[in-house]
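See structure below.
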Amino acid sequence: MGFLKWDSRGGSLARLDMETENISYPWFALRVRSRYEHTVARHLKGRGYESLLPLYKCRHRWSDRFKEIDLPLFPGYVFCQFCPLNRLPILSIPGVVHIVGVGKTPVPIDESEIAAIQATVKSGLPRQPWPFLEIGHRVRIEYGPLCGVQGILLGFRGHQRLVLSVTLLQRSVAVQIDEAWVQPILQEGRACSDSTTSQGLSWHLPA
């Protein structure tokens, strides 16, 4: 919350502060040093920035036992929401290499893509990194915790997975879903009579 300020005429500038605080800045991807994802995320939070470090659970073997640990879904990256005109505080954080963009110009992450990743993290559904995928059976989730999210549906080892991508990073993640939640997205110009529900369809991983 901003401090109460007054202009030269005695008028309150509190409204201006509130308007500034309510501005919704775009999300950017920060390239960070290896194994610095958590450190950067903590620094961002400490400085008051909205950040996102998507994680997934992975089983690792330690000597004579297995242990489940949290690893970054996008190794080497942390997402952050900030004003691109004031990026020096971001670049000064230990572990930050640069802001992903074209040359020295930061490029924001597509809003729908970052929203899909946020929904995936919030859902608590099993997820994992996946090879970047752009072409496939595009679907929309109509039910469940990912309702409204769009992605590419794949069948893998007897489970249905929704592949979500961050195009700017050329990276994807796969989240395990229930096939009953899925509705195919018809291609433009395709006849309605050709439509079919996702039930009974066989989805295969492209070779």
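Values for this structure:
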quantity	calculated
Protection-proxy order for peptides 71-83, 99-111, each taking the mean of Cβ atoms within 10 Å per residue, highest first	71-83, 99-111
Proximal charge balance of Arg127 [Cβ under 11 Å; K/R count +1, D/E count -1]	+2
Amide hydrogen neighbours beyond the local backbone of Trp27, cut-off 5 Å, H modeled	Ile109
Karplus-derived HN-Hα couplings along region 166-172 (A = 6.51, B = -1.76, C = 1.60, θ = phi - 60°), whole Hz, x at Gly and Pro	10, 4, 4, 8, 6, 10, 9
Extension gain (nm, one decimal) between Arg61 and Thr167, 0.36 nm per residue minus Cα-Cα	34.9 nm
Net charge contributed by nearby residues that have their C-beta within less than 15 Å of Phe74 (K/R +1, D/E -1)	+1
Local electrostatic count at Thr39 - Lys and Arg +1, Asp and Glu -1, tallied over other residues with Cβ under 15 Å	+4
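No lab work stands behind these numbers, since they all come straight from the coordinates. Everything numeric in this text was worked out from a predicted model, so none of it was measured. As a convention, Cβ positions derive from the backbone with ideal geometry for all residues, glycine included, and neighbour counts pool all protein chains shown.
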